[in-house]
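Heads up, the thing below is written out as structure tokens.
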Amino acid sequence: MQDDFFARPSAPPPSLFFALMPADGDQAVLDEAARLHGTRFGQIKPVLAAKRHVTLLYLGQPMDEQIPSVVAGAQRAMASVQGDPFVLTLDQVAVFGRNSVVLAASQTPRALAELEVRVRQAAMLNRLLLAKSPAFHPHLTLGHNDDRRAPPEDSPPVRLAFGEVVLLRGVTGAPYEVLGRWSLD
């Protein structure tokens, strides 16, 4: 039992988000990109291969007791979403936010842009958005640096094929838990 009801929780609540996960076969090219850019933006702590993803829509940080209803809502929402498989070209490298070294897309494929709109609309209709979700800019985090900032610059292109959307639950220091998976076809 918690003695101080006003104390901060010992760990942040889990994050829930719809995402695109690179295929296992794409990890070698992402490892190479992390090596290539690893020292360019300060020493980076790489993201584990199992945690690499492209966030499609951030839902927020629900309380544990809210997660089953959010997952049920996600199932309803995604039942109405249709999309086509696509290839995303990540052709820029930058530091986003405070310290995320990312590969980013200079252009969003039409199929991905349409998918993001459909998922966002379905999430809103099913009242899944627990937080303000940032504007969509496709990117994949390679690692985190020492707070060194850098604007986007051209990078050797990395092409990733995606054919499904997943709902992930992220907890600091642990692998993602896949709470749902939907095929694009």
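So Leu125 ticks every box in (1) over 17 Å from Trp182 (Cβ atoms); (2) surrounded by fewer than 16 Cβ atoms within 10 Å (Cβ to Cβ) but one. Which box is left unticked? With respect to (1) over 17 Å from Trp182 (Cβ atoms); (2) surrounded by fewer than 16 Cβ atoms within 10 Å (Cβ to Cβ), Leu125 is out only on (1). Only residues that are in contact with a Pro (Cβ under 6 Å, 6 or more places away or on another chain) and over 24 Å from Asn99 (Cα atoms): list them for region 121-161, please. The answer is Leu130, and nothing else. Residues in region 88-100 that are in contact with a strand residue (DSSP E or B) (Cβ under 6 Å, 6 or more places away or on another chain) and either under 30 Å from Ile67 (Cβ atoms) or small (Gly, Ala, Ser) (or both): Leu88, Ala94, Phe96, Asn99, Ser100. Does any residue of region 56-67 turn out to be loosely packed, with under 13 Cβ neighbours inside 10 Å and in contact (Cβ under 8 Å) with a residue 12 or more places away in the chain? Taking every residue of region 56-67 in turn, at least one turns out to be loosely packed, with under 13 Cβ neighbours inside 10 Å and in contact (Cβ under 8 Å) with a residue 12 or more places away in the chain.
Taken together, Pro22, Pro85, Pro14 contain a single residue that is farther than 30 Å from Pro151 by Cβ, at pLDDT 90 or above and surrounded by 11 or more Cβ atoms within 10 Å (Cβ to Cβ), which is Pro85. Could you list, in sequence order, the residues of region 139-167 that are under 29 Å from Gly83 (Cα atoms), of a type in the set (Gly, Ala, Ser) and buried (at least 16 other Cβ atoms within 10 Å of the Cβ)? Hit for region 139-167 is Ser155, nothing else.
Being small (Gly, Ala, Ser), in contact (Cβ under 8 Å) with a residue 60 or more places away in the chain and either within 23 Å of Asp64 (Cβ to Cβ) or part of a strand (DSSP E or B) (or both) is the filter here, so list the residues in region 153-175 that pass it. Walk me through how you get there before you give the answer.
Step one: filter region 153-175 for residues small (Gly, Ala, Ser), giving 155, 161, 163, 170, 173-174.
Right, trim to in contact (Cβ under 8 Å) with a residue 60 or more places away in the chain and you get 155, 161, 163, 170.
Result: Ser155, Ala161, Gly170.
In region 157-171, the residue that is modelled with the lowest pLDDT out of those that are farther than 15 Å from Leu88 by Cβ and not aliphatic (A, V, I, L, M) is Gly170.
The values are calculated or read from the model by the stated rules, or taken from the named source; none is laboratory data. Keep in mind that this is a model prediction, so the values were computed, not measured. No Cβ is skipped: glycine too gets one built from the backbone with ideal geometry, and neighbour counts run over all protein chains shown.
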